[in-house]
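K.L.:
My questions will all concern the structure given below.
The values are calculated or read from the model by the stated rules, or taken from the named source; none is laboratory data. Fair warning: this is a prediction, and the values are worked out from it, not measured in the lab. Don't worry about glycine lacking a Cβ; one is built from the backbone with ideal geometry, like all the others, and counts go over all protein chains shown. The protein model used for the area step is the full one, side chains on, heavy atoms only, and it has no ligands, DNA or RNA in it. Shrake-Rupley method; radii C 1.70, N 1.55, O 1.52, S 1.80 Å.
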Amino acid sequence: MLGVLRSMLTTLSTTMRRPVTRQYPESHRPIPERERAFPLLLWDHGVDEPYCTGCQACERACPCKCMTVTMKDNPRQAEGTSKRRKIVDTFWIDYGRCMRCNICVEVCNFDAIAMNNTWTGIELSAYDRHDLVMDLDELLALSRAGGIVPWAEYVGEENQKLPPRAVQAARTLAGRGPA
Amino acid sequence: MSVEQWVFYVLAAIAVGGAAVTVFARDIVRAALGLIVALLMTAGVFVLLSAEVIGLVQLLVYGGAVAILILFALMITRAREVTYRLDGPQKPLALLAGATLAAAIGVAVVGTVFPTNTDHINPVGFVEMSTALFQTYAVPFEVASLVLLVALVGAIIIARQEERQ
Amino acid sequence: MMPVLGYWFGIAWLDAILRLAVIAGVMTVVVIFLTYAERKVIARVQQRLGPTRTGPAGLLQGVADALKLVLKEDLRPTTADRWVFELAPFMVFVPVFLTFVAVPFTRDLGVRFLSLGLFYIVAVSSLNIVGFIMAGWGSDNKYALLGGVRAAAQMISYEVPLVLTVLGVAMVASSLDIRVITERQDVVPYIVWQPLAFVVFIIAGLAEMNRTPFDIPVAESEVVGGPTVEYSGIRWSFFQLAEYSSLFVLSALGADLFLGGYIWPFGSNPPGWLQLILILVKTSFMILMIFWVRATFPRLRIDQLMSYCWKVLIPVTVAQLFFNGLVLVYRWPDILLLVFSGALLVGATAATAVAVRRAARRPRDAQAVRDRRLQYARGA
Amino acid sequence: MVADFDTIDININVGPQHPSTHGVFRMVLTVDGELVRDLDAVVGYLHRGAEKLLENQDYRQGIGIQDRTEYLAQFPAEQSYVMAAEKLGGFVVPERAEYVRVICVELNRIASHFMFMGAYGTDVGVFGTSFIYGFRERERVYRFFEELTGERMMYSYFRVGGLAWEVMDGFEEKARALLQELKRGINDINGLLTRNEIFIARTRHVGEISAERAIEYGLSGPVLRSTGVRWDVRKDEPYSVYDRFDFDVPVGEFGDCYDRYMVRLEEMRQAVRIVEQALDQMPKSGPIMPEKMPRMLRLPAGEVYVPVESARGEYGVYLVSRGGNHPWRCRVKSPCFTNLQALREMTVGEYVADSVVILGSIDLVLSEVDR
C-alpha cells in the first residue's frame, strides 16, 4: 500500500511543476545553431550569384540520391563580373528523400550548400510529395533574402582560425540571418 | 384506457416478445438476451403493481445476476448458430410438462378473485417484508437458501469431474 | 428539481417526461465538462497543458468532441449481429441514466426522492453489464469478445462488495432513503464510522465503471478498447456518456453516503445555496481522486482483480457488516464502528501489501507454473 | 452434443497495428479464455534492406543508415559501425573523440531506457503518465544531442576515425546540467513505478526465463542480465575507453519482467556515473580525428566483427571488405531479433494481458529486428 501511496505522491509532485509542453505554432522553442534541417544553397551577395558551381560533388556523395545538379558556363565570367568559370544551371533536391545527413555540406568544395537552421526548414508540409522537390530558386530563396549566411561570413574574419576541414564541417552550415 | 393500462399492455407485449425470442431464436446468445428482456419487463409489471421491492429484486437478481451468468457461460462456450434440430426423445414429455404448467397457471388465473378497485393498493413495505422473511418465515427462508448451496456444491462437483476426465 | 418543476399541470406522465428531459440535459452538460476536466487534470499530472484551443482555456473542448462524435459516420461491421450491436450502447447508457433519478443533490434538488433509493440504484446499475456483454458479443470481434467476457466477470464480482459497503452505511443509518442517510450525518459523516466501507466503495466503484486500475475490460494496450472497439460516432459516444455519467453519479452518491452530502459540516439544515456548494465540492473531490488514481496506477490483471475481490474485499466487507450488526443490535457505543472498520481497513491493506511483497520475493519455478496452468486449461 | 459446448481456443491477432506492439510487430496468440496457449511471432513488416543498402554505400554514408536501423539507441549503432571500419583500416581514434563517443553513447542509453520506461508503463496500464515522464527526460537528452549534432534523432555524428565535428561551446557544463535533470527524471519514474504494488503484481514472476535458457537462446543485454548472468560487452570485452570507468553491471534475480525493468533502471544510474567520470577524465582539448584521414575512405580487404553494448543488448556489425570504398557485405547482429526468439517461451502459459507486458519488457525496436 505504501508503494501505491508513493506513486500518488510522485504524480502529485509533478502536478506542482511547470508544464513542459509548448503551444507550438504560437511559441517556438529556440532551435540550436547547429540545427540540420534540409540543405539549402547559399547566395554570394558579393557577386550576386550562387556559390554553387554545379560540380556534382554533393550529388555523388548523397546516400539517398535525392539531388540532381547540372552545370553550365558562367556567362558573367565572360563579362568579367565573376571569377566563377562554371555555375549551377539547375539544382533539384527532393526533400521527401533527403535524410539530412550533412554529407553534402561536408563534401562541398565551395561552401555553397548548407543545412537550413531556421524554422523555415522544419515546418515543411505539403499535400503532394512532388511539392517537396525544390528547384534552384526555392533552394536559394532563403539565403538570397539574407535569412542564412555562410559560416565564414557569420563568425567574422577574426574568428576564422579554421580547424581541419572535417572538424569544421558542421560549422560551415551555421549562421542564421538577422531574422 | 388509463395510462397504467397502456403501460401494462406495452410491457406485457414486450415481455411476450422477449419470451418468444427466447424460445424461437436459433442463436443461443440472442435467446438469452430475449430472456433478459422478458425478465426486465416483468420487473416493470411489478413496479406497476406498486410492488417496488419485488420489482427491484427482479432487476437485481434476474436481470443483473442470473441472466449475466447465463450469457457469460454461453459466450465462453461460444456455441453460435444451432444448425441441427434440437428435438430429442423427450419431446412428448416436454410437451406434457409444458401443457400441465400452462393449465395450472390458467386455472390459477381464472380461479383467483382479483381486487377490482385499484385506487386503494396497499404496497407491501420493505420493513414488513423483511420482518416476514427473517422472523416469521426465517426457517423456510433458510431452507430455501440451502437449495442454492446444494446447487453450488453440485456445480463444483460437476466441473471437477469434467476436469478429471 | 422538485420545486422547479413541481407537478406540471398535475399530469403524472408529462411530469415524468419533463424530468427525463432535465436529466438528459444535465447529464450531457456534466459529461462534456467532465471529459474536459479529466483531460485537463491528467495533463497537469503529466506536466502538459491539456486542451487550450477550443474556447477560453479549452473549455469548449468537450463540446467540440461531442459534435465531432455526433457527426462521425456510424459504422457497423458486416458480420456483426445487427440488433445486438446497435442496441448495446443504449443498454449500457440507460441504467446509468436511471440511477441519476434517485440521487439527491440537495434536500430539495433531485429528480425523485425514493424511499428505497439506495436499493433502487444498486438494482438498476447492475443492468449495464448486459450492455457490455451485448457489445462484446455483437461486434463479432475477438478483442470485443474478450473485453465483454472480462467486463461481465469483473462487474458481476464487484457488484457484491459495492452492495455490501452501501449496506454497511444503510445499517448505520437504518434507512435506504438516501436523503435520510445523508441527513443523519449532520454531526459526523459516515466516512468516520465506516472508513473501510468508503475505501471499498471507491475501489468497487472504479471497477464498476471500468476505470483505472480496473479498466481491464477496455484495456487500451491489450484489447484495444474491448467491447467498444468496433463502435464509432454517436454509438461510441453513448459508451462515453455512460462512463462519465456513472462517474458523476457514483461520486455524488459517495458524497451523499460517506461525506455528509449537502449537510455536513454546517448543521442540520444549511441554506439551499450552501447545500449546493457543499455537494458540488464533495463530488468534485471524489471525481478528482478518481482522476488522480487514473493518472497514476497501472492496470491489474483479470485474475488478480478477481482474487482481490473475492479474497480481500468481500471477506472484509462481510466482516464489517457483521461487526456493524453487533454494535447496532447490542447498542454498543458508536466509536466501536470506527474501531472495527478501521482495524479491518488497516489489516486488509497491510495483508495485501505483505502478500504482494512476499510473492514478489519468493522464487518460483516459472516453467512448472506455466505448465500447470496449461494443463488445467486443457482439463487434463 | 456435449462437445459443442466445450470451451474452444481462439486465435487473436495482435498487431501489426495493435497499439502496444511497439511498431509493426505481429503476434498470433492462441488463447483459451485468458490463457495464452501458443504464440506465433511474425516479423518483417519493417524490412527495408538496411544491410543491402550498406553494401552499396561508402563508409561515411553507411553511418546514416545505422542511425535508422536502431532509431532509439543510434549512437551505439553508429559506434559499432565506425569501430568495425576503424578496426579494418587500423585507425587510432584520438582520445578526446573516444570520450565524446562514450558520453554520447551513455546518454543515448539513458534516453533509450527512458523510452522503455515510458512505453512499458503504458503497456502495464498507466494512463500515459509514465510515458510523458519518460519522454520529458528523453526530450532533454535529445535537445542536448540536437545542440551537439544538429539532429534530434538521426545524428550521423561519429565518423570513421573520430567525430564529424567538434563539440559545441559549453559542452561539459551543459552535459553536467543535463545529468542533474536526468537524475530527477529517474527518480520520478522510480517513484511512480518501482514500489507500486500493482506494478509489482503485474510484472513480478511474469515472463520468467531461466539463465540457462537465456544463454541457450543467445539473449543479451538487460534481458540476459535480468536472469542473473553478469555479462556486459563493456565489462567483458572492453572496447573504446570503457576500461577506465568504474561502473557496476546490475543483474536481476528471477529473469522476469520486473527484473528487466529494474536492471534498466539501475543501468540508467550507472550510465549517469559513467558520463560523470568521462566528463572528468576527458581531455579539454585535442584532435577529434586522426591527422591523416583520406578524403575518400578505402579499407583493405578483410573481415571484422565488432560488438558493442547497445541499450538493448549486444549490437554487432560484421563487415567484409574486398577493398574499395564500400563494404562487400555488412551484417548487423541485432539484439532485439535474438531476444525476440525467447518471446514464445516466456509467454506461453501466461495470460493474454501479460503477453503485452512481456513483449514490452523485451524493449523491441522493430526496425532493428527487421533491418
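K.L.:
Which count do you get for residues in the stretch C:226-236 that are open to solvent by 10 Å² or more (accessible area, probe 1.4 Å) and either under 30 Å from residue C:166 (Cα atoms) or among the small types (Gly, Ala, Ser) (or both)? Before the answer, list the steps.
P.N.:
So the first thing to find is which residues in the stretch C:226-236 are open to solvent by 10 Å² or more (accessible area, probe 1.4 Å), and the list is C:228-232, C:234-236.
Narrowing the set further to residues that are either under 30 Å from residue C:166 (Cα atoms) or among the small types (Gly, Ala, Ser) (or both) leaves C:228, C:232.
The qualifying residues number 2.
K.L.:
Condition test on residue C:351, is it among the aliphatic types (A, V, I, L, M), surrounded by fewer than 21 Cβ atoms within 10 Å (Cβ to Cβ), part of a helix (DSSP H, G or I) and more than 14 Å from chain D (Cβ to nearest Cβ)?
P.N.:
Values: among the aliphatic types (A, V, I, L, M): yes; surrounded by fewer than 21 Cβ atoms within 10 Å (Cβ to Cβ): yes; part of a helix (DSSP H, G or I): yes; more than 14 Å from chain D (Cβ to nearest Cβ): no.
Spelling it out, it is not the case that residue C:351 is among the aliphatic types (A, V, I, L, M), surrounded by fewer than 21 Cβ atoms within 10 Å (Cβ to Cβ), part of a helix (DSSP H, G or I) and more than 14 Å from chain D (Cβ to nearest Cβ).
K.L.:
Which members of the stretch C:175-234 meet the condition of being of a type in the set (D, E, K, R) and either under 21 Å from residue C:123 (Cβ atoms) or more than 14 Å from chain D (Cβ to nearest Cβ) (or both)?
P.N.:
First, pick out the residues of the stretch C:175-234 that are of a type in the set (D, E, K, R): C:177, C:179, C:183-184, C:186, C:208, C:211, C:215, C:220, C:222, C:230.
Selection gives C:177, C:179, C:183, C:184, C:186, C:208, C:230.
K.L.:
Looking for something under 27 Å from residue D:127 (Cα atoms), touching a residue at least 60 places away in the same chain (Cβ under 8 Å) and open to solvent by 30 Å² or more (accessible area, probe 1.4 Å) - is there at least one such residue anywhere in the stretch D:60-78?
P.N.:
Looking through the stretch D:60-78, at least one residue is under 27 Å from residue D:127 (Cα atoms), touching a residue at least 60 places away in the same chain (Cβ under 8 Å) and open to solvent by 30 Å² or more (accessible area, probe 1.4 Å).
K.L.:
Any chance you could count how many residues in the stretch C:107-123 are of a type in the set (Val, Ile, Thr) and either free of Cβ contacts under 8 Å to residues at least 24 places away in the same chain or more than 8 Å from every other protein chain (Cβ to nearest Cβ) (or both)?
P.N.:
Within the stretch C:107-123, the subset of a type in the set (Val, Ile, Thr) is C:111, C:121-122.
Of the ones still in play, those that are also either free of Cβ contacts under 8 Å to residues at least 24 places away in the same chain or more than 8 Å from every other protein chain (Cβ to nearest Cβ) (or both) are C:111, C:121.
Matching residues across the stretch C:107-123 total 2.
K.L.:
Of all residues in the stretch D:203-223, count the ones that are buried (at least 24 other Cβ atoms within 10 Å of the Cβ) and among the charged types (D, E, K, R).
P.N.:
Qualifying residue count for the region: 1.
K.L.:
Moving on to the next point. Regarding the stretch D:54-69, can at least one residue be identified that is among the hydroxyl-bearing types (Ser, Thr, Tyr) and more than 20 Å from the chain's Cα centre (by Cα)?
P.N.:
Step one: filter the stretch D:54-69 for residues among the hydroxyl-bearing types (Ser, Thr, Tyr), giving D:59, D:69.
Next, from what is left, pick out any that are more than 20 Å from the chain's Cα centre (by Cα): D:59.
Scanning the stretch D:54-69 turns up at least one residue that is among the hydroxyl-bearing types (Ser, Thr, Tyr) and more than 20 Å from the chain's Cα centre (by Cα).
K.L.:
Filter the stretch C:124-159 down to the residues that are in a loop (DSSP other than H, G, I, E, B) and more than 7 Å from chain B (Cβ to nearest Cβ) and list them by number.
P.N.:
If the condition is that a residue be in a loop (DSSP other than H, G, I, E, B) and more than 7 Å from chain B (Cβ to nearest Cβ), then C:139, C:140, C:141 are the ones that fit.
K.L.:
Related question: For the stretch A:12-27, how many residues meet the condition of being open to solvent by less than 40 Å² (accessible area, probe 1.4 Å) and in contact with a Leu (Cβ under 7 Å, 6 or more places away or on another chain)?
P.N.:
Summing the residues that are open to solvent by less than 40 Å² (accessible area, probe 1.4 Å) and in contact with a Leu (Cβ under 7 Å, 6 or more places away or on another chain) in the stretch A:12-27 gives 1.
K.L.:
Looking at this structure, is residue D:194 among the polar types (S, T, N, Q), at negative phi, crowded, with 20+ Cβ neighbours inside 10 Å and within 14 Å of chain C (Cβ to nearest Cβ)? First the steps, then the outcome.
P.N.:
Numbers: among the polar types (S, T, N, Q): yes; at negative phi: yes; crowded, with 20+ Cβ neighbours inside 10 Å: no; within 14 Å of chain C (Cβ to nearest Cβ): yes.
Judged against the criteria, residue D:194 is not a match.
K.L.:
Just give me the residues in the stretch D:102-143 being under 19 Å from residue C:49 (Cα atoms), open to solvent by 10 Å² or more (accessible area, probe 1.4 Å) and in contact (Cβ under 8 Å) with a residue 12 or more places away in the chain, in sequence order.
P.N.:
Listed by number, the residues that qualify are D:131, D:132, D:135, D:136, D:138, D:140.
K.L.:
Of everything in the stretch D:291-303, what is in a loop (DSSP other than H, G, I, E, B) and either of a type in the set (D, E, K, R) or open to solvent by 30 Å² or more (accessible area, probe 1.4 Å) (or both)? Give them in sequence order. Before the answer, list the steps.
P.N.:
Within the stretch D:291-303, the subset in a loop (DSSP other than H, G, I, E, B) is D:291-301.
Across the stretch D:291-303, the qualifying residues are D:291, D:292, D:293, D:294, D:295, D:296, D:298, D:300, D:301.
Conditions (1) within 30 Å of residue D:206 (Cα to Cα); (2) modelled with pLDDT of 90 or more; (3) in contact with a Ser or Thr (Cβ under 8 Å, 6 or more places away or on another chain), marked per residue:
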{"site": "D:263", "(1), (2), (3)": "yes, yes, yes"}
{"site": "D:268", "(1), (2), (3)": "yes, yes, no"}
{"site": "D:289", "(1), (2), (3)": "no, no, no"}
{"site": "D:294", "(1), (2), (3)": "no, no, no"}
{"site": "D:297", "(1), (2), (3)": "no, no, no"}
{"site": "D:308", "(1), (2), (3)": "yes, yes, yes"}
{"site": "D:313", "(1), (2), (3)": "yes, no, yes"}
{"site": "D:320", "(1), (2), (3)": "no, yes, no"}
{"site": "D:323", "(1), (2), (3)": "no, no, no"}
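K.L.:
Would you say residue C:58 is outside the structural domain of residue C:247 (by TED's automatic domain parsing), surrounded by fewer than 19 Cβ atoms within 10 Å (Cβ to Cβ) and among the small types (Gly, Ala, Ser)? Quick ask: steps written out before the conclusion?
P.N.:
On the way: outside the structural domain of residue C:247 (by TED's automatic domain parsing): yes; surrounded by fewer than 19 Cβ atoms within 10 Å (Cβ to Cβ): yes; among the small types (Gly, Ala, Ser): yes.
Here the answer is yes, as residue C:58 does meet what is asked.
K.L.:
Also, I was wondering about something else. Only residues that are part of a helix (DSSP H, G or I) and surrounded by fewer than 19 Cβ atoms within 10 Å (Cβ to Cβ): list them for the stretch C:241-278, please.
P.N.:
Answer for the stretch C:241-278, where residues must be part of a helix (DSSP H, G or I) and surrounded by fewer than 19 Cβ atoms within 10 Å (Cβ to Cβ): C:272, C:273, C:274, C:276, C:277.
K.L.:
List the number of the failed condition for residue C:85; all other conditions in (1) within 14 Å of another protein chain (Cβ to nearest Cβ); (2) touching a Ser or Thr at 6+ places or on another chain (Cβ under 7 Å); (3) over 22 Å from residue B:33 (Cβ atoms); (4) part of a helix (DSSP H, G or I) hold.
P.N.:
Unmet for residue C:85, out of (1) within 14 Å of another protein chain (Cβ to nearest Cβ); (2) touching a Ser or Thr at 6+ places or on another chain (Cβ under 7 Å); (3) over 22 Å from residue B:33 (Cβ atoms); (4) part of a helix (DSSP H, G or I): (3).
K.L.:
Within the stretch C:160-174, does at least one residue satisfy the condition of being in contact (Cβ under 8 Å) with a residue 60 or more places away in the chain and closer than 30 Å to residue C:235 by Cα?
P.N.:
First, pick out the residues of the stretch C:160-174 that are in contact (Cβ under 8 Å) with a residue 60 or more places away in the chain: C:160-161, C:164-169, C:171-172, C:174.
Still in the list and also closer than 30 Å to residue C:235 by Cα: C:160.
There is at least one residue in the stretch C:160-174 that is in contact (Cβ under 8 Å) with a residue 60 or more places away in the chain and closer than 30 Å to residue C:235 by Cα.
K.L.:
Residues that are away from chain D (no Cβ under 14 Å) and open to solvent by 20 Å² or more (accessible area, probe 1.4 Å): does the stretch C:299-313 have at least one?
P.N.:
Looking for residues that are away from chain D (no Cβ under 14 Å) and open to solvent by 20 Å² or more (accessible area, probe 1.4 Å), one finds at least one in the stretch C:299-313, hence yes.
K.L.:
Among (1) under 28 Å from residue D:35 (Cβ atoms); (2) in a helix (DSSP H, G or I), where does residue C:214 come up short?
P.N.:
(2)
Condition check ((1) more than 10 Å from chain D (Cβ to nearest Cβ); (2) in contact with a strand residue (DSSP E or B) (Cβ under 8 Å, 6 or more places away or on another chain); (3) open to solvent by less than 60 Å² (accessible area, probe 1.4 Å); (4) farther than 30 Å from residue C:166 by Cα) across all residues:
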| position | (1), (2), (3), (4) |
| --- | --- |
| C:336 | yes, no, yes, no |
| C:359 | no, no, yes, yes |
| C:365 | no, no, no, yes |
| C:374 | no, yes, yes, yes |
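K.L.:
I'd like the residue in the stretch D:144-166 that is in contact (Cβ under 8 Å) with a residue 24 or more places away in the chain and out of contact with any helix residue (DSSP H, G or I) (no Cβ under 6 Å at 6 or more places or on another chain) and, out of all such residues, is nearest to residue D:89 (Cα to Cα).
P.N.:
Among residues in the stretch D:144-166 that are in contact (Cβ under 8 Å) with a residue 24 or more places away in the chain and out of contact with any helix residue (DSSP H, G or I) (no Cβ under 6 Å at 6 or more places or on another chain), the one nearest to residue D:89 (Cα to Cα) is D:161.
K.L.:
Could you tell me whether any residue of the stretch A:104-122 is surrounded by fewer than 17 Cβ atoms within 10 Å (Cβ to Cβ), out of contact with any Cys (no Cβ under 8 Å at 6 or more places or on another chain), over 30 Å from residue D:160 (Cβ atoms) and in contact (Cβ under 8 Å) with a residue 12 or more places away in the chain?
P.N.:
Within the stretch A:104-122, one or more residues are surrounded by fewer than 17 Cβ atoms within 10 Å (Cβ to Cβ), out of contact with any Cys (no Cβ under 8 Å at 6 or more places or on another chain), over 30 Å from residue D:160 (Cβ atoms) and in contact (Cβ under 8 Å) with a residue 12 or more places away in the chain.
K.L.:
Tell me, yes or no, whether the stretch D:224-241 has at least one residue that is surrounded by fewer than 18 Cβ atoms within 10 Å (Cβ to Cβ) and part of a helix (DSSP H, G or I).
P.N.:
Yes; the residues of the stretch D:224-241 include at least one that is surrounded by fewer than 18 Cβ atoms within 10 Å (Cβ to Cβ) and part of a helix (DSSP H, G or I).
K.L.:
Follow-up. Go over the candidates C:245, C:237 one by one and state the one that is under 15 Å from the mean Cα position of the chain (by Cα) and either outside the structural domain of residue C:154 (by TED's automatic domain parsing) or at pLDDT 80 or above (or both). If you could, list the steps in order and put the result at the bottom.
P.N.:
Details: C:237 fails: under 15 Å from the mean Cα position of the chain (by Cα).
That would be C:245, the only listed residue that is under 15 Å from the mean Cα position of the chain (by Cα) and either outside the structural domain of residue C:154 (by TED's automatic domain parsing) or at pLDDT 80 or above (or both).
K.L.:
Further, regarding this structure: Need pairs with beta-carbon distance below 7 Å; first residue among the polar types (S, T, N, Q) and within the stretch D:261-281, second open to solvent by less than 60 Å² (accessible area, probe 1.4 Å); sequence gap 6+ or separate chains.
P.N.:
D:270/D:247; D:270/D:250; D:277/D:245; D:281/D:99
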